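Student: Below you will find the structure I want to go over with you.
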Amino acid sequence: MFLNTKNISIFFFVVSLCLLFFTVINFSSCPDGKRIVDSDSGIKEEFSVEVSSITSFPDFKSKIKEEVVTNNISGIDIPILIDDYVRKKFYHDTSYQSSCENWLLVFLDGIFPQYFLTVSLNTDDIMQSSFAACNQQSIIFQDIVKDYGFEYGSVGFSAVKFQHFANAVKVKDRWYFFDPNLEPRYNRSDPDIFDAVVAVDKEVLESMYRHKINENIVSLEYLKPGSIYLKEINKFPARTGVLIQNITAFISWYGWIISLFLSIFFYHPKTSDNFLKFLI
């Protein structure tokens, strides 16, 4: 009979060796994980090398908090300040988890590339880079905004040539629009902008994103009513993704230990036989 304790023990032992091999191979050559640039040359955004050098999320929050307290900032000016800091922290690109951080996730991403599993979603991981995509910058923005007691939400753009992720913050019963990633040009203290954006007012959108349209980064051509919408109010926008990344990271680091334990467990005839009888 193949299903016996000895065969199961050997199976888990082999799995343990394989997992240990991948762990050692990937993590032994792992750099410090930080992807910070030391020059803003060629970056046509509101990027600051000084702000971008902050790689600790608690330190980033503390820097903003210090300015809020020192300058007695309140109301809509708080999310505007947070928006300023996120704009300066990142330029537009996407940061990914590498195989040396989470080799199992990279392996799964190769099988299911349509899910973009390796895109960094944890705030601490995102902060290790000078660059971040729209959803990554929004995760940072929303996590800080909620600390000040504001209601917040995600603003989705769903159209050909304009797949995007931005933010909304509610202040005194009005929603305000924020997009630290594409850095639109508009009066951020005007709540009517949010109404115009979700109503897909192309005249307003064209004035806001003209610089990105001219660079052929986005297009308003395929936007229609319903293409821009408010969603996930007061909810972390990447709950499932972070859960998957945490589980696979744990297995990448410690899966070999679990398999080794199971191998030892099933190697002990009396204990494992009782366990198998219980299952069968």
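Student: Exactly one of these conditions fails for residue 184: (1) over 20 Å from residue 138 (Cα atoms); (2) in contact (Cβ under 8 Å) with a residue 24 or more places away in the chain; (3) out of contact with any strand residue (DSSP E or B) (no Cβ under 7 Å at 6 or more places or on another chain). Give me its number.
Tutor: Going through (1) over 20 Å from residue 138 (Cα atoms); (2) in contact (Cβ under 8 Å) with a residue 24 or more places away in the chain; (3) out of contact with any strand residue (DSSP E or B) (no Cβ under 7 Å at 6 or more places or on another chain) one by one, residue 184 breaks only (1).
Student: Give the residues of region 205-251 that are in a helix (DSSP H, G or I), among the aliphatic types (A, V, I, L, M) and touching a residue at least 12 places away in the same chain (Cβ under 8 Å), sorted by residue number.
Tutor: Within region 205-251, 205, 208, 242, 244, 249, 251 qualify.
Student: Filter region 151-179 down to the residues that are more than 20 Å from the chain's Cα centre (by Cα) and assigned to a loop (DSSP other than H, G, I, E, B) and list them by number.
Tutor: Those that are more than 20 Å from the chain's Cα centre (by Cα) and assigned to a loop (DSSP other than H, G, I, E, B): 160, 161, 172, 173.
Student: Please find, among 170, 146, the residue that is touching an Asp or Glu at 6+ places or on another chain (Cβ under 6 Å), within 28 Å of residue 74 (Cβ to Cβ) and surrounded by fewer than 21 Cβ atoms within 10 Å (Cβ to Cβ).
Tutor: 170
Student: Then there is this: Among the residues of region 112-133 satisfying the criterion of being free of Cβ contacts under 8 Å to residues at least 60 places away in the same chain, surrounded by fewer than 21 Cβ atoms within 10 Å (Cβ to Cβ) and not in a loop (DSSP other than H, G, I, E, B), which is nearest to the chain's Cα centre (by Cα)?
Tutor: Across region 112-133, the extreme among qualifying residues is 115.
Student: Here's another thing I want to ask about it. In this structure, does residue 265 turn out to be of a type outside the set (Asp, Glu), in contact with a helix residue (DSSP H, G or I) (Cβ under 8 Å, 6 or more places away or on another chain) and modelled with pLDDT under 90?
Tutor: So residue 265 fits the description; yes.
Student: Hey, can you tell me all the residues within region 1-59 that are modelled with pLDDT of 90 or more and hydrophobic (A, V, I, L, M, F, W, C)?
Tutor: Residues satisfying the conditions are 43, 47, 49, 51, 54, 57.
Student: While we're here: Please list, ordered by first then second residue, the pairs with beta carbon atoms under 7 Å, 6 or more apart or interchain, first in region 139-159 and at positive phi, second in a strand (DSSP E or B) and not aliphatic (A, V, I, L, M).
Tutor: Going by the 7 Å Cβ cut-off, there are no qualifying pairs.
Student: While we're here: What pairs come up if the first residue lies in region 58-87 and is touching a residue at least 60 places away in the same chain (Cβ under 8 Å) and loosely packed, with under 11 Cβ neighbours inside 10 Å, the second is of a type outside the set (S, T, N, Q) and in a loop (DSSP other than H, G, I, E, B), and their beta carbons are under 9 Å apart, counting only those six or more places apart or on different chains?
Tutor: Pairs that qualify, where the first residue is touching a residue at least 60 places away in the same chain (Cβ under 8 Å) and loosely packed, with under 11 Cβ neighbours inside 10 Å and the partner is of a type outside the set (S, T, N, Q) and in a loop (DSSP other than H, G, I, E, B): there are none.
Student: If you don't mind, another one. From the list 109, 124, which one is acidic (Asp, Glu) and either closer than 29 Å to residue 224 by Cβ or in contact with a helix residue (DSSP H, G or I) (Cβ under 7 Å, 6 or more places away or on another chain) (or both)?
Tutor: 124
Student: Moving on. Restricting to region 218-259, name every residue that is more than 20 Å from residue 169 (Cβ to Cβ), exposed (fewer than 15 other Cβ atoms within 10 Å of the Cβ) and touching a strand residue (DSSP E or B) at 6+ places or on another chain (Cβ under 8 Å).
Tutor: 219, 222, 224
Student: Out of everything in region 88-111 that is part of a loop (DSSP other than H, G, I, E, B) and crowded, with 19+ Cβ neighbours inside 10 Å, what residue ends up being nearest to the chain's Cα centre (by Cα)?
Tutor: 95
Student: Further, regarding this structure: For region 180-198, give me each residue that is assigned to a loop (DSSP other than H, G, I, E, B), out of contact with any Asp or Glu (no Cβ under 8 Å at 6 or more places or on another chain) and surrounded by 14 or more Cβ atoms within 10 Å (Cβ to Cβ).
Tutor: 181, 182, 184, 186, 190, 191, listed by residue number.
The values are calculated or read from the model by the stated rules, or taken from the named source; none is laboratory data. Small disclaimer: the values here were computed from a predicted structure and weren't measured. Because the Cβ atoms are built from the backbone with ideal geometry, glycine has one as well, and the counts that use them run over all protein chains shown.
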